[in-house]
Each structure stands twice: as structure tokens, then as C-alpha cells.
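Step one of this worksheet: look at the structure below.
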Amino acid sequence: MNNFNFYSPTEFVFGKGRENDAGKYVKKYGGKKVLIHFGGQSAQKSGLLDRVKASLENEGIPYKELGGVKPNPRDSLVYKGIELCRNEDIDFILAVGGGSVIDSAKAIAMGAVYDGDFWDFYSGKQPEKALPVATVLTIAAAGSEGSGDSVITKEDGMLKRGAGSDVLRPRFSIMDPELTQTLPAYQTACGATDIMAHVFERYFTNTTEVEITDRLCEAVLLTMVKETPRVIADPNNYQARANIMWAGTVAHTNIVGVGREQDWNSHGIEHELSALYDCAHGAGLAVIMPAWMEFVYKHNVMRFCQMATRVFGCQMDFENPESTALAGIKAFRSFLHSIGMPINFDELGAKREDIPALVEKFGLGDGRTGGFVHLSSEDVAKIYNIAADAQL
Ligand code: NZQ
Ligand code: ZN
């Protein structure tokens, strides 16, 4: 196992009705004037926003509001938020929504206390500080409620890029599984796919002797395979929603990934799809991740056999391990299809003729990237091609 630090300072406040305590937790973490940041309609329609505002008012904490975050959040609203924070002396940002809202809040938090352009942090610069961010999570998916990451799209050129730093980890995250019951089945499934992808990015590693994280990864994956069909069949199944919500956090705080090399190419390759077509990140991953697996499995056939047998219950064929590895990948793609995810370019709304442009934007040039298998631009093009044609 490799050396590691694990720092996860977020206080997770989990369960029914916990959003009514948002004001108390803002007070606990020192917020004096809050920016409530939210998305399109869901938090308003459900009455969640009113409940959060009431909880701040109960604590006598003044706030300003900035809504309108779109899925695949854009830089233009981030600039607006930064200006608002500066003009109004905001000292605490409360994100009410999903990964997009939380990521936009994190970007504003960095930009508000930085003299330069916040985009510097999405171009490789490390932030030294940020305003404190907290979340009221409404979708189990990106894991941003526990992560130090943020992904923003720059409208000029539609570049989707990430920033990462422990200063972005939320002070607290309120997680009420009941809030996720209003999600359309498609969004629920996109979230489930993203959660599984966050585990697979860590599971496929060249580091050996990582039994504890292997087994933690498999626990999250098995939970998702069991619970996702239950919530698709019954959106109001609180217990299944609760298990999925916590799985989403566990998948991405990095507790399942410490001490091991990680890959992350599927995410990079997907981000070009959600940047170009504005598709949901999880839907893009459903198309890319099995294609990536088919391209790289020969690098460590036995690791793919481990996934196939332990997660998808495939029979191990010791005479022909490759067939077991491929059966596992097939089972993963069939699972994604069964929960309503697209499995190829057509179903996603992507176009084969865009592949050269996608590869170009991925921006590897002559370099290579990835922790499990180092891919070249040519390899990335091959993965897009496998994804374009994929069938069950
Ligand atoms: O805008 P509203 O009306 O709220 O609708 C949202 C949005 O349309 C809706 N929604 C959210 N909660 C709901 C709900 N609808 C009904 N009931 C609810 N309770 O769902 C839609 C998608 O929301 P979004 O926030 O975009 O979803 P998600 O959490 O999947 O976030 C996706 C973004 O996170 C990034 C992705 O790239 C993408 O931009 N990621 C962030 C990561 C991180 N910060 O650590 C890691 C991930 O790998 C990912 O890249
Ligand atoms: Zn993701």
C-alpha cells in the first residue's frame, strides 16, 4: 500500500428533516452573512429553499440568493457570484442542490478571495484559501458534498475542467435522502452511474496489497447494484435512497481510494462529451466507462475477473480468464442499460464524426495520461470509437 494522508473535515448531517437545521450549522461554522446558491427549479418547487431560508432566519443570519446554476455549471454565473460575494461582504456559501450547484459554489468561494481570474484554479493553479462552503444535497451522484473537487465549464470554447484542493471540502453537508425522492428516474440512474464510476476509477489500479480499499470499493459497488433497481422501481423507497446517498459520499471522499494509484481517464474522456453535448455526466460515463474497460482489460485480466466475480457474480473460468473479464464488463453495461442509461453514441446523442474534435479538446497532444493504463491520443480515439458502436 502507498503512503497517504486522508483529510475529510466535513461534518455529515444525515437523515429526514435535517435541512431544517441548516441555520444552526451555519452558525456553528461561523457564517455571518450567507450566499444561498441553487439551481433551476427543483429546490424551489419542493419548498426546500423556503425551509432553508427559514432556518437561517431563525438563527438571525442574513443571506443573499443566487439561483440559476445549470447542470454542467458555467463560468458566467461563477463571475456573478464572485461579484455578489464581494459587494455584499458574504463570508459563507451554502449550496442547495446537486453537484453542479456545489461545484459552482466552490468556484465562487475560491474566486471571491482571489485577486486574479478564478479560472486559474481550473488551469492548474492551487488555491491557498476559499470562503467556507457547506451543502444541502438534493441528488446522490457527484460526491461533491464530501470532495475537494469542483468541475466548471468555460463557455468560451466550452472547456470543462476541474479544480481540486482540500480548502474546497465542505464544512458540513446536510443529506436528507427524502429530498432525492423527487428526482426523475433518469437523473437517479445518472447519479448511480457516477457513483459506480467514482469507485471504478480507484478500483482499477496497479498498486498491489490494497485489500481493505478493494473490499470497500466492492461494498459500494454491490450496494449500488442492489439498491439502484429498487429506487428506479419505487422512487419513494426511503431506505434504498438512504443507502445510495451515503454510497455516493463514501465513493468520492477518497476513503475507498487511499494508498493506491488511481486512473481517472474515463472521467476526462467523458467530460469532453458533457462539454460538447451538454449531456448528464452520469449518462456520458455509462457510454464511456465500459468502453474504456474493454480497451484496457488486458493490462490486468485478473483484476477485471475480480470485478466480474465479486461484483457481478460471474463464474470464474480458470481455463479462459479473459472470458470472465469480458463477462464482467458485459454485466456492467447490461446493468447500466437496465436502469435506463444510454450505452452508445446514438443513445447518448453523440456523433461519431465529432471524435477527432473530442480527442483534440481532450488535449493530450503527444503526451499520455492515466494511472492504470497510460493512454495516448490515439488510444482515446479508439475508446470513443468503441463507445460509439457499443451494443449489449
Ligand atoms: O437545477 P434543478 O432544477 O435543481 O435540477 C437538477 C438538474 O437538472 C436536478 N435535481 C437535483 N436535485 C433534484 C433534482 N430534480 C428533482 N429533485 C431533486 N431532488 O438534477 C439535475 C442534475 O443536477 P446536477 O447538480 O447537475 O447533478 P450531479 O449531482 O450529477 O452533478 C453533475 C456535475 O458534477 C460534476 C459533473 O461533471 C457535473 O458537472 N462532477 C463533480 C465532481 C466533484 N465536484 O467532486 C465529481 C464528479 O465526477 C463530476 O465530474
Ligand atoms: Zn463523476
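Entry remark, the range 174-225: residues being touching a helix residue (DSSP H, G or I) at 6+ places or on another chain (Cβ under 7 Å) and closer than 18 Å to GLY284 by Cβ number 15 in total. Give the residue, chosen from LEU84, LEU77, that is among the aliphatic types (A, V, I, L, M) and touching a strand residue (DSSP E or B) at 6+ places or on another chain (Cβ under 7 Å). That would be LEU84, the only listed residue that is among the aliphatic types (A, V, I, L, M) and touching a strand residue (DSSP E or B) at 6+ places or on another chain (Cβ under 7 Å). Note on the range 46-92: residues that are charged (D, E, K, R) and under 19 Å from PRO132 (Cα atoms) total 10. Hey, can you tell me all the residues within the range 65-87 that are of a type in the set (S, T, N, Q) and more than 24 Å from the chain's Cα centre (by Cα)? Hit for the range 65-87 is ASN87, nothing else.
Take the conditions (1) closer than 19 Å to ARG368 by Cβ; (2) more than 12 Å from ligand 1 (Cβ to nearest atom); GLN306 misses just one of them, which is (1).
Checked against (1) part of a loop (DSSP other than H, G, I, E, B); (2) touching a Leu at 6+ places or on another chain (Cβ under 9 Å), ILE383 passes all but a single condition, namely (1). Can you pull out the residues in the range 365-387 that are crowded, with 19+ Cβ neighbours inside 10 Å and not acidic (Asp, Glu)? The answer is THR369, GLY370, PHE372, VAL373, LEU375, VAL380, ILE383, TYR384, ALA387. Selection of the range 114-153 for residues being crowded, with 17+ Cβ neighbours inside 10 Å, away from ligand 2 (no atom under 16 Å from the Cβ) and of a type outside the set (Ser, Thr, Tyr) yields PHE118, TRP119, PHE121, PRO127, ALA130, LEU131, PRO132, VAL133, ALA134, VAL136. Selection over the range 63-98 of residues that are in a helix (DSSP H, G or I) and either in contact with a Pro (Cβ under 9 Å, 6 or more places away or on another chain) or of a type in the set (D, E, K, R) (or both) gives a count of 5.
Scanning the range 99-143 for residues that are free of Cβ contacts under 8 Å to residues at least 60 places away in the same chain, near ligand 1 (Cβ under 9 Å from one of its atoms) and part of a loop (DSSP other than H, G, I, E, B) returns a single hit, ILE139. Scan the range 52-64 and tell me whether some residue there is surrounded by fewer than 19 Cβ atoms within 10 Å (Cβ to Cβ), modelled with pLDDT of 95 or more, closer than 30 Å to ASP156 by Cβ and over 25 Å from the mean Cα position of the chain (by Cα). Within the range 52-64, one or more residues are surrounded by fewer than 19 Cβ atoms within 10 Å (Cβ to Cβ), modelled with pLDDT of 95 or more, closer than 30 Å to ASP156 by Cβ and over 25 Å from the mean Cα position of the chain (by Cα).
Yes/no per residue for (1) among the aromatic types (Phe, Trp, Tyr); (2) more than 14 Å from ligand 1 (Cβ to nearest atom); (3) within 30 Å of PHE362 (Cα to Cα):
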| position | (1), (2), (3) |
| --- | --- |
| ALA219 | no, yes, no |
| THR223 | no, yes, no |
| ASN236 | no, no, no |
| GLN239 | no, yes, no |
| TRP246 | yes, yes, no |
| THR249 | no, no, yes |
| ASN254 | no, no, yes |
| ARG260 | no, yes, yes |
| ILE269 | no, no, yes |
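The set of residues from the range 154-163 being more than 13 Å from ligand 2 (Cβ to nearest atom), assigned to a strand (DSSP E or B) and surrounded by fewer than 23 Cβ atoms within 10 Å (Cβ to Cβ) comprises LYS154, LEU159, ARG161. Contact map, the range 258-271: residues that are more than 16 Å from GLY143 (Cα to Cα) paired with residues that are assigned to a loop (DSSP other than H, G, I, E, B) and of a type in the set (Gly, Ala, Ser), Cβ distance under 7 Å, separation 6+ or inter-chain. Pairs shown: GLU261/GLY371; GLN262/GLY371; ASP263/GLY370; ASP263/GLY371; ASN265/GLY370. The listed residues are GLU211, GLU294, GLU270, GLU218, and the only one of them that is crowded, with 21+ Cβ neighbours inside 10 Å, of a type in the set (Asp, Glu) and modelled with pLDDT of 95 or more turns out to be GLU270.
The values are calculated or read from the model by the stated rules, or taken from the named source; none is laboratory data. All of these numbers come straight from a predicted model, not from anything done at the bench. For neighbour counting, all protein chains shown are included, and Cβ atoms are generated from backbone atoms with ideal geometry for every residue, glycine included.
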